[in-house]
Amino acid sequence: KQWYQRRVAITAGILSKTQRKTPTIIHKHYQISRIRSFYMRKVKFTESNLNEKLTGILGEFPKIEDIHPFYADLMNILYDKDHYKLALGQINTAKHLIGNVAKDYNRLLKFGDSLYRCKQLKRAALGRMMTIMKRQNSSLLYLEQVRQHLGRLPSIDPNTRTLLLFGFPNVGKSSFVNQITRANVEVQPYAFTTKSLYVGHTDYQYLRWQVIDTPGILDKPLEDRNTIEMQAITALAHLRACVVCVLDISEQCGYSLKQQCELFDNIKPLFANKPIIVALNKIDARKPEDLSQEEKNLLEETFKKNANVLVIPMSTLTQEGVSEVQNTACDALLAHRIEQKMAGNKVENILNRLHVAVPKASQEVRAPHIPQGVLARRVAGYVKPAEIRKLERDMELELGDDYILDLKKHYDLPNPDDKYDDIPEVWEGHNIADFVDPDIVTKLDELEKEEAMLEEAGVYESEDENLTEEQKDIREKAGLIRKEKAIIRHKHRLNKHSNRTPMSERVVRKKQGIKRARSISRMSQDESMEVDTKFQTKKVKPGRDVSGLRDAKMVKEVRKKMKKSQIKMNQFGKAGEADRHIAAKLPKHLFSGKRGAGKTDRR
């Protein structure tokens with residue numbers, strides 16, 4: 001039911017896409033060529049979408065011939081190779097059939113003589129395509145299940161360094177993987193808890209290793225093994241790995257030690273050219289020394305035939321011997337890989353280009369060199385101090401926050417008690433800083449003698465005395481030119497403010513803050529009023545926003561009405577009252593229709 005809904009969604013999606021992406025309006029009075037192209041376009045569009053969808057399905061699934069033999073056999077076991085190929089072949093055939101249907105009906109549409117006939121041909125073409133898709137229901141359902149299962153398979157690299165575990169069910173393989181890797185494989189006390197391959201990764205000698213946990217294997221013919229067991233057989237057959245055979249010597253797994261040894265002998269051909277490690281697990285329940293003589297002889301007969309088989313006891317419960325098994329298996333695989341590379345043909349070409357230089361041993365006896373200063377101190381009886389002087393850094397680390405840096409404690413004074421005395425600036429009328437250097441007077445005399453010698457040598461003589469008459473004349477003229485330039489610059493600064501347009505008396509009075517003088521007649525009337533108009537305060541005018549308003553209450557009401565009137569203007573995004581711009585009432589990308597037949601411009 002789930003797949004049926006998905007298949008219906010695919011076909012419905014294709015038809016819906018055809019309806020949305022192609023023109024939908026056509027009339028019978030149009031030219032017949034336009035009607036034909038209208039319906040041919042729908043058929044071609046549907047066919048191309050189905051082709052794209054099916055090609056994507058075919059491309060996403062791996063081809064068995066192109067992948068590693070391990071994955072090829074694993075897919076054959078899990079999904080049946082014949083069924084897998086048949087399903088992909090049916091999808092490929094459906095893709096070609098849909099292409100042929102579109103081609104045939106497009107050929108018929110070229111000869112359609114009316115709108116009704118062209119419409120029926122289009123309808124028949126799309127119906128046949130959907131019928132072909134319905135017939136692939138079982139193949140698509142199978143491929144969907146394969147796709148989901150492939151996504152859950154672990155990522156196994158067949159060519160990297162690998163440790164491969166195998167053995168009877170419930171012998172401790174998953175517990176070993178959980179101990180040495182970061183994997184979290186389920187562990188339960190019943191058989192066949194592990195039903196597929198699990199991969200964990202570990203590090204050894206700065207290299208990344210993958211550890212594969214396989215399902216349990218029972219001792220029976222190959223043709224009688226089920227899918228779970230065949231996964232382990234496939235991994236043993238194709239992966240270049242170190243095989244770790246896990247045996248349960250306590251026999252708590254439900255199988256005797258003899259049955260486990262017989263299983264090892266039966267699948268021994270799969271171990272060809274691979275290092276083998278035998279791990280005797282569960283020694284916490286039964287020690288190897290507690291085995292009977294018959295069981296010891298059985299183990300010796302089973303594993304002494306192969307000289308490269310190493311037997312190591314371990315316990316995944318107490319972790320005893322687990323790391324030893326891991327290290328031994330990794331070292332064995334590294335040595336085996338090196339042997340294979342040395343046995344190949346490529347090594348000879350590399351060795352021919354390599355040259356290892358081995359220095360010859362010198363016959364000369366080279367005595368140790370001891371410096372003369374060290375020998376002299378030895379003769380003088382120098383004794384190395386027993387204690388190493390403690391550094392300030394060591395004291396800081398030892399004391400922590402209580403440490404205080406003391407720079408005076410190492411002062412070398414005749415009286416050690418004077419170390420922390422304050423040094424005065426003046427002593428007996430003399431500046432202490434002048435007598436820090438005892439030889440300062442001698443150095444000053446030498447410096448004065450040196451200065452006198454430099455003066456006698458003419459080092460400080462002026463260069464003007466060595467100038468020629470022509471050079472002196474040039475310097476004198478240059479000085480006059482500089483002086484004249486300075487005078488011109490000074491005059492320009494003085495005339496800078498006098499070149500402006502003369503201001504009227506009214507402007508001058510305004511700038512100086514003096515009101516116009518009254519007429520003589522008015523002055524005679526107001527002689528008694530001696531008011532200095534120069535210092536009258538100017539009356540402050542009210543702002544434009546409160547001009548003509550009576551009181552603060554009226555100002556508040558006016559501002560409230562002003563804000564209310566701006567709400568509508570803000571809704572339309574106006575810049576102000578003078579903004580008369582009208583935006584597009586019908587945006588083209590929202591209200592334009594679909595493209596008609598023959599139109600190539602975008603909406």
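The values are calculated or read from the model by the stated rules, or taken from the named source; none is laboratory data. From a predicted model like this one, the values you see are computed outputs, not experimental measurements. A quick note on method: Cβ atoms are made from the backbone with ideal geometry, for glycine too, and the neighbour counts reach across all protein chains shown. When the accessible area is computed, the model is the full protein with side chains, heavy atoms only, and any ligands, DNA or RNA have been set aside. Shrake-Rupley method; radii C 1.70, N 1.55, O 1.52, S 1.80 Å.
Below is a table of values for the structure above.
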{"quantity": "Val244 long-range amide H proximity, modeled H, under 5 Å", "calculated": "Leu164, Leu165, Phe166, Ile277"}
{"quantity": "For segment 259-299, size of Cβ-based charge dipole, Lys and Arg +1, Asp and Glu -1, in debye", "calculated": "220"}
{"quantity": "Segment 221-288, dipole about Cα centre (Lys/Arg Cβ +1, Asp/Glu Cβ -1), debye to the nearest 20", "calculated": "300"}
{"quantity": "Charge dipole (debye, nearest 20) of the chain; +1 at Cβ of Lys and Arg, -1 at Cβ of Asp and Glu", "calculated": "10700"}
{"quantity": "1.4 Å probe accessible area per residue over segment 272-414, in Å²", "calculated": "82"}
{"quantity": "Angle in degrees between helix 257-266 and the longest Cα principal axis of the chain, rounded to the nearest 10", "calculated": "90"}
{"quantity": "Given charges at Cβ of Lys, Arg, Asp, Glu: segment 412-497 dipole, positive-most of Gly458, His490, Leu480", "calculated": "His490"}
{"quantity": "Reachable lysines from Lys491, criterion Cα separation under 18 angstrom, eight or more residues apart if same chain", "calculated": "Lys483"}
{"quantity": "Over segment 302-432, relative contact order from alpha-carbon pairs under 8 Å, at least 6 apart, %", "calculated": "6"}
{"quantity": "Under 14 Å, Cβ to Cβ, from Ala552 - net charge with Lys/Arg +1 and Asp/Glu -1", "calculated": "+2"}
{"quantity": "Sequence ranges 179-192, 481-494, ranked by mean other-Cβ count within 10 angstrom, highest first", "calculated": "179-192, 481-494"}
{"quantity": "Distance violations [Cα-Cα > 25 Å] among Lys220/Lys268; Lys44/Lys134; Lys563/Lys585; Lys17/Lys103; Lys81/Lys258", "calculated": "Lys563/Lys585; Lys81/Lys258"}
{"quantity": "Candidate lysines for bridging to Lys560, where Cα separation is under 21 Å - those fewer than 8 sequence places away on the same chain excluded", "calculated": "Lys568, Lys574"}
{"quantity": "Whichever lysines have a C-alpha closer than 20 Å to that of Lys477, once near sequence neighbours (fewer than 8 apart) are set aside", "calculated": "Lys485"}
{"quantity": "3J(HN,Hα) from dihedral phi, segment 393-410, Karplus parametrisation 6.51/-1.76/1.60, rounded to Hz, x for glycine, proline", "calculated": "5, 4, 5, 5, 5, 6, 7, x, 5, 7, 6, 10, 6, 10, 8, 9, 6, 9"}
{"quantity": "1.4 Å probe accessible area per residue over segment 1-117, in Å²", "calculated": "60"}
{"quantity": "Sequence ranges 353-365, 72-84, 426-438, ranked by mean other-Cβ count within 10 angstrom, highest first", "calculated": "72-84, 426-438, 353-365"}
{"quantity": "FRET efficiency, Val555 to His581 (Cβ-Cβ, R0 41 Å, nearest 0.05)", "calculated": "0.80"}
{"quantity": "Cross-link table Lys21/Lys122; Lys195/Lys341; Lys390/Lys419, entries beyond 25 Å C-alpha to C-alpha", "calculated": "Lys195/Lys341"}
{"quantity": "Segment Asn100-Ser138, extension gain: residue separation times 0.36 nm, minus the distance between their alpha carbons", "calculated": "11.5 nm"}
{"quantity": "Accessible carbon and sulfur surface of segment 72-162 relative to its total accessible area, %, 1.4 Å", "calculated": "49"}
{"quantity": "Candidate residues Thr55, Thr22: accessible-area rank, largest first, probe 1.4 Å", "calculated": "Thr55, Thr22"}
{"quantity": "The chain: relative contact order as a whole-number percent, Cα under 8 Å and 6+ apart", "calculated": "10"}
{"quantity": "Accessible area per residue, Å², segment 126-250 with all protein chains present, probe 1.4 Å", "calculated": "43"}
{"quantity": "Helix-derived mean residue ellipticity, 222 nm - over the chain, DSSP H n ≥ 4, -39500 (n - 2.57), to 500", "calculated": "-15500 deg cm²/dmol"}
{"quantity": "Interchain or long-range residues, amide H under 5 Å from Glu320's placed H", "calculated": "Ser315"}
